[in-house]
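Everything on this sheet refers to the single structure shown next.
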Amino acid sequence: MTDRTLPQEGLRAWLPVLGLAFAAFTFNTSEFLPVGLLPDMAAGLSETVSDTGLIITGYAWVVAIMSLPLTLLTAKIERRKLLLGLIAVFALCHVVVLWTNTFESLLAARIGVAFTHSVFWSIMTPLAARMAPRGKRAVGLAAVMGGTIVATVLGVPIGTQLGHFFGWQEAFCVIGAAAFACLVLIWAVLPECPSNKAGSLAALPGLLKRPALLQLYFLTAVTVLGQFTAYSYVSPILAQAGYGESDVVTVLLVFGLAGILGTVVSTKTVDRFTSATLTVPLVVIALSLAFFNTAANLGYAELLVLTLFWGAAMTTVCMAFQTVVLNVASDAADIAVSLYSGIFNIGIGTGAFTGSLISARWGFDPVASSGAAFVAVSAVLCLALWVTTKSAVLPGGEKPAASTAGEEMPH
C-alpha cells in the first residue's frame with residue numbers, strides 16, 4: 001500500500017494519522033520534559049538551574065541550525081523509511097542518558113535527539129496532511145497537533161512525576177522505550193510515502209519573497225521567544241513563589257489540558273477567521289505572562305485559571321502559524337515548514353537563554369513579564385495590521401485551506 005491507495009473511510013483510514021500523532025507525542029514529550037525536571041537535572045549534574053537551562057537552548061539552536069540543511073539532504077528519501085530511521089536514532093539517544101553524569105555528556109545526548117527533531121518536524125505537517133482521509137486535512141493536522149497536546153497534558157507531567165520518584169535520567173529512558181513502541185506502530189500502519197512537493201534550495205529565494213510567509217516567520221520567532229523565556233522556567237518560578245513539586249506538575253497538566261480547548265477552537269476558526277485566530281490568542285498570551293506572578297501570589301485557583309487561558313491561547317496561535325505556512329507555501333511545503341521549525345526553535349533556544357540571563361542576574365521574578373513584552377510585540381503588530389488593512393496577515397496568508405497544501409493532496 002502507498003499513500004495513493006489509502007482507505008478513505010473507517011478506522012483504517014485514520015491509522016496512519018494516529019501513528020503520526022503518537023510520534024508527535026513522543027517527540028514533544030522529550031523536547032519539553034526538561035521544563036519540569038530542570039531543578040532535578042541541575043542537582044544531578046551539580047550545576048545551577050540557570051546554567052542547566054542552557055540544555056534547552058543548545059537543543060533548540062541545533063534544531064534551528066540543522067532543520068533546513070538536513071531537510072534538503074533528506075528531501076528525496078521515501079518518507080516512511082526516513083521516519084523509521086529518525087525514530088530509531090531518537091530512541092537510542094534517550095537510552096544513553098542513563099549513563100550521562102555531566103553537563104557535557106547530557107548536552108551531547110540531547111544534540112543527538114535534536115538532529116532527529118530537525119528533520120522530524122520538517123516532514124511531519126506535510127505528511128499528516130497527505131495521510132488524512134480526503135477532505136479531512138484540517139482534522140488530520142489537528143490530530144497530529146493533538147499528539148503534541150497530549151504530550152503536554154500527560155507526557156510532560158507524568159515524565160516529571162517519574163523523574164521526581166525514580167530519577168530524571170530514568171524519565172528520559174522511559175521516553176526511549178516509548179519511542180521503540182512508536183517505531184513498531186509506524187512500521188505497521190504507515191504506507192510507503194514517496195517524497196512529494198518537498199521543494200529544493202532553488203525554491204528558497206521565491207519563498208522569502210512572500211510577505212505573509214516573512215511575517216509569519218517574524219511572528220513565530222518573537223512569540224516563541226517570549227513564550228519560552230517564561231515557560232522554560234515555570235518550575236523555579238513557582239518554587240520561588242512557594243509552590244511544591246506536585247503543584248508544578250498540576251500547572252503543567254492544566255497548561256496541557258488547555259491545549260485541547262485551543263485545538264478545538266482553532267480547528268473551527270482558523271480557516272474562516274484567520275486574523276482573529278492569530279491576533280486574539282497573542283493578546284491573551286501577553287496578558288497571561290504579564291500577570292503570571294500576580295496570579296501565583298494571589299492563590300492556587302487564580303494561577304490555574306490563568307494557566308488555562310495561557311495554554312489554550314498558545315496552542316491556538318501555533319495552529320494559526322502552521323495554517324498560514326501551508327496556505328502560503330503549498331508548492332514547497334517541506335522547505336517552508338523546515339524554515340518554520342528552525343525559526344520556532346530559534347525562539348525556544350533564545351527564550352531559554354534570555355530567561356537564563358535574566359534569572360542569573362535578577363532572579364526569577366521578572367522572567368515571565370519579560371516574556372510578555374516580547375509576545376506583546378507580535379500582538380501589537382497583528383492588531384495594527386488588522387485595524388488598518390482588515391487583515392492581521394499580509395497578502396497571501398488567508399487562502400482557504402481547501403485550495404492549499406491539501407487541495408487535495410494525493411492519496
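Expressed in units of 2.2 N^0.38 Å, where N is the residue count, the Cα radius of gyration of the stretch 171-300 is 1.43. For Ser195 and Thr48, the FRET efficiency from 1/(1 + (r/R0)^6), where r spans their Cβ atoms and R0 equals 60 Å, is about 0.85. In the chain, Cα pairs under 8 Å separated by at least six residues give a relative contact order of 28 percent.
Normalised by the number of residues in the stretch 85-210, what is the relative contact order in percent for Cα pairs under 8 Å and 6+ residues apart? Don't skip to the answer; put the middle values down first.
On the way: 78 pairs, mean separation 44.4, N = 126.
Across the stretch 85-210, relative contact order equals 35 percent.
Helices from the chain with mean Kyte-Doolittle at least 0.0 and a Cα length along the axis of 18 Å or more, per DSSP H: which?
Numbers: long enough: 10-45 (49 Å, 1.06); 54-73 (28 Å, 2.00); 79-95 (24 Å, 1.43); 103-131 (40 Å, 0.95); 137-150 (19 Å, 1.56); 168-189 (32 Å, 1.88); 211-231 (29 Å, 1.18); 245-269 (36 Å, 1.32); 274-290 (25 Å, 1.91); 300-328 (42 Å, 1.49); 333-362 (42 Å, 0.89); 367-389 (34 Å, 1.89).
Helices meeting the criterion: 10-45, 54-73, 79-95, 103-131, 137-150, 168-189, 211-231, 245-269, 274-290, 300-328, 333-362, 367-389.
Placing unit charges on the Cβ atoms only, positive for Lys and Arg and negative for Asp and Glu, gives the stretch 101-241 a dipole magnitude near 720 debye about its Cα centre.
Taking the square root of 5 times each eigenvalue of the Cα gyration tensor, what semi-axes in Å does the equivalent ellipsoid of the stretch 247-329 have, largest first?
On the way: eigenvalues 139, 30, 16 Å².
Value: 26, 12, 9 Å, ordered largest first.
Taking the stretch 181-196 and a reference point 7 angstrom along Cα→Cβ of Lys81, the backbone N atoms nearer than 19 Å belong to 183-184, 186-196.
Let me know the longest stretch in the chain that avoids all trypsin sites (Lys or Arg not before Pro) found in a DSSP loop with at most 10 other C-beta atoms within 10 Å.
Here the longest run is 1-208.
Once the mean 1/r over all distinct Cα pairs of the chain is inverted, what Kirkwood radius in angstroms do you read off? Before the final figure, lay out the partial values.
Working: mean 1/r = 0.0475 Å⁻¹.
About 21.1 Å for the chain.
Of the residues Ala384, Leu86, Ser288, the one whose Cα sits farthest towards the positive end of the charge dipole of the chain is Ala384 (charges of +1 on Lys and Arg Cβ, -1 on Asp and Glu Cβ, taken about the Cα centre). Seen from Ile158, the other residues with C-beta closer than 14 Å to its C-beta sum to a net charge of -2, counting Lys and Arg as +1 and Asp and Glu as -1.
So if I place +1 on the C-beta of Lys and Arg and -1 on the C-beta of Asp and Glu, and nothing else carries charge, what would the dipole magnitude of the chain be about its Cα centre? I want it in debye, nearest 20.
Working: 19 positive and 20 negative charges, 258 e Å.
Roughly 1240 debye, rounded to the nearest 20.
Here the spin labels are modelled as points 7 Å beyond Cα on the Cα-Cβ line, and at Ile65 and Glu104 they lie 1.7 nm apart. When only alpha carbons of the stretch 315-378 are considered, Rg and Dmax amount to 15.1, 47 Å. Label-to-label distance, Ala177 versus Arg272, with points set 7 angstrom from Cα along the beta-carbon direction: 4.6 nm. Think of the chain as a dipole: +1 on every Lys or Arg Cβ, -1 on every Asp or Glu Cβ, centred on the Cα centre; then among Thr57, Tyr340, Ala178, Tyr340 lies furthest on the positive end. For the residue pairs Lys268/Lys390; Lys209/Lys390; Lys81/Lys209, the alpha carbons lie more than 28 Å apart in Lys81/Lys209. Counted without the sites themselves, the longest stretch of the chain free of GluC sites (Glu not before Pro) in a DSSP loop having at most 15 other beta carbon atoms within 10 Å is 79-406.
Placing +1 on the Cβ of each Lys and Arg and -1 on the Cβ of each Asp and Glu in the stretch 9-398, which of Leu68, Ser30, Gly262 has its Cα farthest towards the positive end of the resulting dipole? Result: Leu68.
The numbers here are math on the coordinates, done by the rules we state, and not lab data. Just so we're clear, the structure is a prediction, and the values are computed from it rather than from any experiment. Note: ideal-geometry Cβ built from the backbone for every residue, glycine included; neighbour counts use all protein chains shown.
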